[in-house]
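The values are calculated or read from the model by the stated rules, or taken from the named source; none is laboratory data. Since the model is a prediction, treat every value here as computed from it, not as a measurement. Cβ: placed from backbone, ideal geometry, glycine included. Neighbour counts: every protein chain shown.
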Amino acid sequence: MRRRRILIVEDDDLHYELYEEALKDYELARAATASEALALIPKVQPDVIILDHVLAKGEMGLDYLPEFKDLVPHVPIIVVSGALEVHQQMEALQGPRRAHYCLTKPLDLHELQKVVETALSECGETEIIRQFTALERSKRADIEDLLSRSTDRLARQTEIRKLLQGATERPNISALARRFKVARRTIIRDLNELIRRGELPPEVYTKWTGASGRFEEEGADATGNEAGEEGA
C-alpha cells in the first residue's frame, strides 16, 4: 500500500524544510507556484494539498483555489498563510470551491500534523461517501414519512366515510378536525377526495364546482371557516 501523498505548494525553502520534518511519514511533492501545482497534480495524484497564499511569480494561492477544486474536487486543501485577513480566511472556507482548513504562519507543526491526519481520515473521498450516505438516509426518511402520512390519510378517510355514511346533516368540520387532530383544511381535502372517488355523495357536505374541480363550503368565509364554527 502506497504512502499517502501530499502536494505542498510553497516557494520558501525554509518553510518547505519544516514541512519535510513535520510530515516525514508521508510522500511529499512540491510546487513553487499554484500554476505549477495544477500542472503537477495529474502526475502526483495527491491525497491532500497544502497551499500557501503568497507564492513565487506574484501568484496568490487563494486566487487559484477554484481551479484546484475544479481539477480535484475530492482532495482536501489546507491553506497556509501569514498574510490573510480574517475575512479572507472565512471566504476561503466557504462556498462550493472551499478549502477545508486555513492555518496561519508561523506554523504550529503539531497542529499541522493533526490537521493533515484529520483531512486524510475525514475529508476527501470519505467525506463524499458520507455525504452520499446522508443523502440516501434523508431520501429514505422522506419516503417513509410520505408513506406514513399517506397511510394515515387513507385510514382517516376510511373513518370519515364510516362516520358520514347515511348522514342527513352537514358534518361539523371543526369537530372532525378535533377528532382526528388535524387542520380544518385537511378534513376539507379528505372530503374532497372521498367525493371525487365516489365514496361519499356530494350533497352530504359540499357543492361541486365543476370548473375548478374543488369544493366550496356554503356559508364559508374567506378563511374557510364556517359561520358559527371555531377554527381548528
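The set of residues in region 54-91 being surrounded by 13 or more Cβ atoms within 10 Å (Cβ to Cβ) and among the acidic types (Asp, Glu) consists of 59, 67, 91. Of all residues in region 1-36, those satisfying the criterion of being charged (D, E, K, R), touching a strand residue (DSSP E or B) at 6+ places or on another chain (Cβ under 8 Å) and more than 17 Å from residue 61 (Cβ to Cβ) are 2, 3, 4, 5, 20, 27.
Within region 57-76, is there a residue that is assigned to a loop (DSSP other than H, G, I, E, B), without any contact (Cβ under 8 Å) to a residue 60 or more places away in the chain and over 28 Å from the mean Cα position of the chain (by Cα)? Yes: one or more hits. Only one entry in 116, 86 is at pLDDT 90 or above and more than 18 Å from residue 12 (Cβ to Cβ), namely 116.
Every condition in (1) touching a Phe, Trp or Tyr at 6+ places or on another chain (Cβ under 6 Å); (2) modelled with pLDDT under 80; (3) surrounded by 15 or more Cβ atoms within 10 Å (Cβ to Cβ) is met by residue 171 except one, and the failing one is (2). All conditions in (1) loosely packed, with under 14 Cβ neighbours inside 10 Å; (2) at pLDDT 85 or above hold for residue 44, with the sole exception of (1). If you check 51, 38, which single one turns out to be buried (at least 22 other Cβ atoms within 10 Å of the Cβ) and at pLDDT 90 or above? Answer to the selection: 51. Counting the residues of region 11-30 that are farther than 14 Å from residue 46 by Cα and of a type in the set (Gly, Ala, Ser) gives 1. Residue 1 fulfils the conditions (1) at pLDDT 95 or above; (2) out of contact with any helix residue (DSSP H, G or I) (no Cβ under 7 Å at 6 or more places or on another chain) except for a single criterion, (1).
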